[in-house]
1. Scan (1) open to solvent by 90 Å² or more (accessible area, probe 1.4 Å); (2) at pLDDT below 90; (3) part of a helix (DSSP H, G or I) for the single condition ARG47 breaks and write down its number.
2. Before we move on, is PRO13 part of a helix (DSSP H, G or I) and either open to solvent by 60 Å² or more (accessible area, probe 1.4 Å) or of a type in the set (S, T, N, Q) (or both)?
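The values are calculated or read from the model by the stated rules, or taken from the named source; none is laboratory data. Bear in mind that the values here come from a model prediction, so they are computed numbers and not experimental data. These accessible areas exclude ligands, DNA and RNA; they are computed on the full protein's heavy atoms, side chains included. Shrake-Rupley method; radii C 1.70, N 1.55, O 1.52, S 1.80 Å.
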Amino acid sequence: MPSTRISFSPGEPYLNLIGAKYNTGDEDGAKDALNIIRDRAIPPHVRSSGTGIWNDMVYERRIELSLKAPLFWKMQIGDSW
């Protein structure tokens, strides 16, 4: 029987927000949201602009998804965590 647990990382809504702000032309808002995510792990703040912001967001999304994959598979096979 499939798991009914819903799981998402705290960074996921911010990543969606970054994409929305970037696509509407709000680079400062995108940088602020990206810096909120980066403050959790204390990497340097975003200083890029234009497509650099988009590339930073894609990089952060890859990190979030790579950390979520083991949890996803644990939930699929029913292991308790």
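1. Just one mismatch for ARG47, condition (3).
2. When the stated conditions are applied, PRO13 passes them.
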